[in-house]
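Colleague: The structure is given below, and queries will be raised subsequently.
The values are calculated or read from the model by the stated rules, or taken from the named source; none is laboratory data. Remember, predicted model here, so these are calculated numbers, not experimental data. We place every Cβ from the backbone using ideal geometry, glycine too, and count neighbours over all the protein chains shown.
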(Lines give C-alpha, C1' and ligand atoms only; values in the text may rest on other atoms or scores of the structure.)
Protein backbone atom coordinates (compact mmCIF):
# COMPACT_ATOMS: atom_id res chain seq x y z
CA UNK A 1 0.00 0.00 0.00
CA UNK A 2 2.87 2.38 0.86
CA UNK A 3 4.47 1.64 -2.51
CA UNK A 4 1.28 2.55 -4.39
CA UNK A 5 0.99 5.87 -2.53
CA UNK A 6 4.68 6.62 -3.02
CA UNK A 7 4.53 5.81 -6.75
CA UNK A 8 1.39 7.95 -7.11
CA UNK A 9 3.07 10.92 -5.45
CA UNK A 10 6.16 10.58 -7.65
CA UNK A 11 4.05 10.36 -10.81
CA UNK A 12 2.01 13.40 -9.74
CA UNK A 13 5.20 15.39 -9.15
CA UNK A 14 6.57 14.41 -12.55
CA UNK A 15 3.34 15.39 -14.29
CA UNK A 16 3.14 18.80 -12.58
CA UNK A 17 6.81 19.60 -13.03
CA UNK A 18 6.67 18.68 -16.72
CA UNK A 19 4.08 21.30 -17.67
CA UNK A 20 5.29 23.43 -20.55
CA UNK A 21 5.78 27.14 -20.27
CA UNK A 22 4.80 29.44 -23.11
CA UNK A 23 8.05 30.77 -24.48
CA UNK A 24 8.44 32.13 -28.00
CA UNK A 25 9.98 29.82 -30.59
CA UNK A 26 12.85 31.56 -32.38
CA UNK A 27 14.04 30.58 -35.82
CA UNK A 28 17.64 29.78 -34.88
CA UNK A 29 18.68 29.12 -38.49
CA UNK A 30 17.93 32.71 -39.50
CA UNK A 31 19.71 34.10 -36.47
CA UNK A 32 22.79 31.95 -37.02
CA UNK A 33 22.91 32.63 -40.76
CA UNK A 34 23.70 36.33 -40.27
CA UNK A 35 27.26 37.04 -41.32
CA UNK A 36 29.51 38.04 -38.43
CA UNK A 37 30.75 41.10 -40.33
CA UNK A 38 27.22 42.52 -40.41
CA UNK A 39 26.79 41.83 -36.69
CA UNK A 40 30.14 43.49 -35.95
CA UNK A 41 29.21 46.48 -38.11
CA UNK A 42 25.91 46.89 -36.26
CA UNK A 43 27.68 46.57 -32.90
CA UNK A 44 30.31 49.12 -33.95
CA UNK A 45 27.62 51.52 -35.15
CA UNK A 46 25.68 51.10 -31.90
CA UNK A 47 28.80 51.77 -29.81
CA UNK A 48 29.63 54.83 -31.92
CA UNK A 49 26.10 56.17 -31.40
CA UNK A 50 26.29 55.59 -27.65
CA UNK A 51 29.71 57.25 -27.39
CA UNK A 52 28.69 60.23 -29.48
CA UNK A 53 27.79 63.27 -27.43
CA UNK A 54 27.10 65.48 -30.45
CA UNK A 55 23.45 66.44 -30.63
CA UNK A 56 21.61 66.91 -33.89
CA UNK A 57 19.88 70.15 -34.89
CA UNK A 58 16.62 68.93 -33.33
CA UNK A 59 18.12 68.48 -29.85
CA UNK A 60 18.17 64.64 -30.07
CA UNK A 61 21.17 62.39 -30.49
CA UNK A 62 21.34 59.91 -33.38
CA UNK A 63 20.06 56.92 -31.39
CA UNK A 64 16.89 58.78 -30.32
CA UNK A 65 16.28 59.90 -33.89
CA UNK A 66 16.95 56.37 -35.16
CA UNK A 67 14.45 54.88 -32.68
CA UNK A 68 11.77 57.42 -33.64
CA UNK A 69 12.34 56.69 -37.32
CA UNK A 70 12.12 52.95 -36.63
CA UNK A 71 8.87 53.37 -34.66
CA UNK A 72 7.31 55.48 -37.43
CA UNK A 73 8.26 52.92 -40.07
CA UNK A 74 6.80 50.08 -37.95
CA UNK A 75 3.46 51.90 -37.93
CA UNK A 76 3.47 51.90 -41.74
CA UNK A 77 4.03 48.15 -41.96
CA UNK A 78 0.79 46.16 -42.17
CA UNK A 79 0.02 42.91 -40.37
CA UNK A 80 -0.80 39.90 -42.53
CA UNK A 81 -3.87 37.89 -41.49
CA UNK A 82 -4.56 34.20 -42.07
CA UNK A 83 -7.51 31.84 -42.25
CA UNK A 84 -8.25 29.37 -39.45
CA UNK A 85 -5.60 26.60 -39.29
CA UNK A 86 -3.83 27.91 -42.45
CA UNK A 87 -0.44 29.39 -43.16
CA UNK A 88 -0.73 30.26 -46.85
CA UNK A 89 -1.01 33.94 -47.78
CA UNK A 90 -4.37 34.85 -49.29
CA UNK A 91 -4.44 36.94 -52.46
CA UNK A 92 -5.90 39.98 -50.67
CA UNK A 93 -3.06 39.82 -48.13
CA UNK A 94 -0.39 39.66 -50.86
CA UNK A 95 -0.85 43.40 -51.50
CA UNK A 96 -0.04 44.06 -47.83
CA UNK A 97 3.08 41.92 -48.12
CA UNK A 98 4.11 43.85 -51.25
CA UNK A 99 3.64 47.16 -49.42
CA UNK A 100 5.70 45.88 -46.49
CA UNK A 101 8.40 44.62 -48.86
CA UNK A 102 8.66 48.03 -50.53
CA UNK A 103 9.05 49.70 -47.12
CA UNK A 104 11.68 47.13 -46.09
CA UNK A 105 13.63 47.66 -49.35
CA UNK A 106 13.54 51.45 -49.29
CA UNK A 107 12.97 53.53 -46.17
CA UNK A 108 13.65 50.68 -43.69
CA UNK A 109 16.68 49.23 -45.46
CA UNK A 110 18.95 50.09 -42.51
CA UNK A 111 16.96 47.86 -40.14
CA UNK A 112 16.45 44.16 -39.57
CA UNK A 113 12.88 42.88 -40.01
CA UNK A 114 11.41 40.66 -37.29
CA UNK A 115 8.33 38.61 -38.22
CA UNK A 116 6.13 37.66 -35.27
CA UNK A 117 3.79 34.72 -35.95
CA UNK A 118 0.59 34.60 -33.88
CA UNK A 119 -2.38 32.23 -33.57
CA UNK A 120 -5.84 32.14 -32.04
CA UNK A 121 -6.50 30.11 -28.90
CA UNK A 122 -7.62 26.96 -30.70
CA UNK A 123 -5.15 24.07 -30.66
CA UNK A 124 -2.43 22.97 -28.28
CA UNK A 125 0.47 25.24 -27.34
CA UNK A 126 2.93 23.19 -29.37
CA UNK A 127 0.67 23.19 -32.43
CA UNK A 128 0.12 26.96 -32.22
CA UNK A 129 3.84 27.69 -31.84
CA UNK A 130 4.55 25.58 -34.93
CA UNK A 131 1.69 27.21 -36.88
CA UNK A 132 2.89 30.71 -35.91
CA UNK A 133 6.37 29.86 -37.18
CA UNK A 134 4.93 28.48 -40.45
CA UNK A 135 2.96 31.71 -40.92
CA UNK A 136 6.07 33.82 -40.30
CA UNK A 137 8.04 31.64 -42.73
CA UNK A 138 5.36 32.07 -45.43
CA UNK A 139 5.61 35.85 -45.05
CA UNK A 140 9.43 35.65 -45.08
CA UNK A 141 9.39 33.65 -48.32
CA UNK A 142 7.03 36.18 -49.87
CA UNK A 143 9.23 39.10 -48.77
CA UNK A 144 12.31 37.38 -50.20
CA UNK A 145 10.44 36.83 -53.48
CA UNK A 146 9.72 40.59 -53.50
CA UNK A 147 13.46 41.33 -53.21
CA UNK A 148 14.09 41.72 -49.46
CA UNK A 149 17.41 40.19 -48.37
CA UNK A 150 16.76 36.98 -46.40
CA UNK A 151 19.66 37.78 -44.03
CA UNK A 152 17.74 40.83 -42.78
CA UNK A 153 14.71 38.79 -41.68
CA UNK A 154 14.30 36.97 -38.37
CA UNK A 155 11.25 35.05 -37.22
CA UNK A 156 9.62 34.26 -33.90
CA UNK A 157 6.40 32.48 -33.01
CA UNK A 158 4.32 33.58 -30.06
CA UNK A 159 1.63 30.96 -30.67
CA UNK A 160 -1.48 32.06 -28.80
CA UNK A 161 0.40 33.97 -26.09
CA UNK A 162 0.26 37.42 -27.77
CA UNK A 163 -3.43 38.04 -28.58
CA UNK A 164 -4.55 41.29 -30.19
CA UNK A 165 -8.09 40.62 -28.95
CA UNK A 166 -9.35 38.48 -26.09
CA UNK A 167 -13.10 38.28 -26.76
CA UNK A 168 -14.60 34.88 -27.47
CA UNK A 169 -15.89 35.72 -30.97
CA UNK A 170 -14.98 34.69 -34.51
CA UNK A 171 -13.99 38.26 -35.40
CA UNK A 172 -11.66 38.44 -32.42
CA UNK A 173 -10.06 35.08 -33.17
CA UNK A 174 -9.50 36.24 -36.76
CA UNK A 175 -7.53 39.25 -35.45
CA UNK A 176 -5.20 36.90 -33.57
CA UNK A 177 -4.27 34.82 -36.65
CA UNK A 178 -1.58 37.16 -37.96
CA UNK A 179 2.06 37.98 -38.59
CA UNK A 180 3.23 41.33 -37.21
CA UNK A 181 6.29 43.26 -38.40
CA UNK A 182 8.87 44.76 -36.04
CA UNK A 183 12.07 46.55 -36.97
CA UNK A 184 15.34 45.95 -35.16
CA UNK A 185 18.45 48.14 -35.26
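Colleague: Any idea how many residues of the range 126-145 are surrounded by fewer than 22 Cβ atoms within 10 Å (Cβ to Cβ), in contact with a helix residue (DSSP H, G or I) (Cβ under 6 Å, 6 or more places away or on another chain) and in contact (Cβ under 8 Å) with a residue 40 or more places away in the chain?
Modeller: 1
Colleague: Which of the numbered conditions does residue 100 fail, given that it passes all the others? Conditions: (1) surrounded by 18 or more Cβ atoms within 10 Å (Cβ to Cβ); (2) modelled with pLDDT of 95 or more.
Modeller: Looking at each condition in turn, residue 100 falls short on (2).
Colleague: Looking at the range 70-102 only, could you name the residues that are touching a residue at least 60 places away in the same chain (Cβ under 8 Å), touching a helix residue (DSSP H, G or I) at 6+ places or on another chain (Cβ under 7 Å) and more than 18 Å from residue 164 (Cβ to Cβ)?
Modeller: 73 - this is the single residue of the range 70-102 that is touching a residue at least 60 places away in the same chain (Cβ under 8 Å), touching a helix residue (DSSP H, G or I) at 6+ places or on another chain (Cβ under 7 Å) and more than 18 Å from residue 164 (Cβ to Cβ).
Colleague: Let me ask something additional. Do we have residue 179 as in contact with a strand residue (DSSP E or B) (Cβ under 7 Å, 6 or more places away or on another chain) and either over 15 Å from residue 82 (Cβ atoms) or crowded, with 17+ Cβ neighbours inside 10 Å (or both) here?
Modeller: Criteria met by residue 179.
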